[in-house]
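Step one of this worksheet: look at the structure below.
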Amino acid sequence: MPRSVTLPRTGSVSAAADRAIACVLQAERDARVAVRACEQQSESEVQAARERARVIAERAAVRVTRVHRAVEARLDAALARIDAQRTVLATVVNDAPADPARLAAAVQALAHELTHEPGALAQVARAPTPITEAAT
């Protein structure tokens, strides 16, 4: 069963309605102010996050550059060592007379390893040569 509402007299109804409307309008104004404050706060937080991201990206770029330079320096040093070894080996090979006995032993060991016994070539390779002596 519906509730019955007792309405006040006309003058007080109008005043109550005016107060209710004023209350609703004030609530709307307060809500708009709160929404604007939230928008401003979120924009500030977004800007702060962008600034933090920019700083992090700059730091990362500096670190990456530092790592690249270190790797490049190590690579240059390794390439210089390889070039030096190549020069030594080229000089020794060009200046060393061919050892016919050693060459024959190497050919025989290679043939034996290819046809029969693995490891025969390794024994020949361990014997000192002018090349291995110059490289050490």
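Every number here is computed from the coordinates shown, using simple stated rules; none is lab data. All values derive from a computational prediction rather than experimental measurement. Neighbour counts are summed over all protein chains in view; Cβ atoms, including those assigned to glycine, are modelled from backbone coordinates with ideal geometry.
Laid out as a table, the results:
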| read-out | value |
| --- | --- |
| Length released on extending from Ala73 to Gln47, taking residue separation times 0.36 nm less the Cα-Cα span | 5.5 nm |
| Two-site FRET efficiency, His112 against Leu89, from Cβ-Cβ distance with R₀ of 25 Å, rounded to 0.05 | 0.40 |
| q = 0.23, 0.25 Å⁻¹: log10 I(q)/I(0) that the Debye formula gives for the stretch 47-113, counting C-alpha atoms only | -0.96, -1.00 |
| Förster radius 25 Å - calculated FRET efficiency between Thr65 and Gln40 (Cβ-Cβ, nearest 0.05) | 0.10 |
| Phi-based couplings in Hz for the stretch 68-83 (Karplus 6.51, -1.76, 1.60; Gly and Pro marked x) | 4, 5, 5, 5, 4, 5, 5, 5, 4, 5, 5, 5, 5, 5, 5, 4 |
